[in-house]
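These notes are about the structure you will find just below.
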Amino acid sequence: LFYLVLIVIVAFVYTAGTGNASGPRSLFGYTASTVLTGSMQSELPQESLIITKQVDPNTLKVKDNITFLQENGSTVTHKIVGIYENYDQRGMRAFITQGTENGMADDEVVWADNVVGKVIWHNLFLGQAINYVKSNILFVGVMAVLVIGFFVALRVFIASGKKDPEKGDVPKDGPASIS
């Protein structure tokens, strides 16, 4: 269980990293990130952890929540409110997006090539926990070392209290019987 939790933590830290100019980091087609603003508050509360899955942009439809890459390299998660099949006669799909709390659609269309993925899951509690860890990394690191040290010391203490029959702590024939 410990190693499973450790692997999950490493995977989330890897995918929640900043990524590169071509988009956020992905692990097996899934990307983890946290919601930074309240533009989708009614569906994806601010600070929520969201998991997006890479999908074929041709499968996306109106009302899907997508994460997309902007020109400056940052990502945004908004709802699709309209679709152009052949935008600007370029033969490519483009999406009109809008934050559910925004009064108007976003100014720029989202080209199919800029879609990171479709939101498939979100959780506010885990997002808040990740944000806490990120902002208090030194404290969390010290506490983790102390907890691991406690369990190592506990294991040594328990192991030292066991009786060893080879050392004569317990008779080899077992305990004496009472007659």
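The values are calculated or read from the model by the stated rules, or taken from the named source; none is laboratory data. Since the structure is predicted, the reported quantities are computational estimates derived from the model, not experimental observations. Don't worry about glycine lacking a Cβ; one is built from the backbone with ideal geometry, like all the others, and counts go over all protein chains shown. Side chains included, ligands, DNA and RNA excluded: accessible areas come from the protein's heavy atoms. Shrake-Rupley method; radii C 1.70, N 1.55, O 1.52, S 1.80 Å.
Key figures
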| item | result |
| --- | --- |
| Selection from the stretch 112-135 of residues that are within 12 Å of Ile66 (Cβ to Cβ) and open to solvent by 40 Å² or more (accessible area, probe 1.4 Å) | Asn114, Lys118, Ile120 |
| In the stretch 91-108, the residues that are surrounded by fewer than 18 Cβ atoms within 10 Å (Cβ to Cβ) and over 23 Å from the mean Cα position of the chain (by Cα) | Gly91, Met92, Gln98, Glu101, Asn102, Gly103, Met104, Ala105, Asp107, Glu108 |
| The stretch 65-108, residues that are in contact with a strand residue (DSSP E or B) (Cβ under 8 Å, 6 or more places away or on another chain), under 16 Å from Thr52 (Cβ atoms) and hydroxyl-bearing (Ser, Thr, Tyr) | Thr67, Thr75, Thr77, Thr97 |
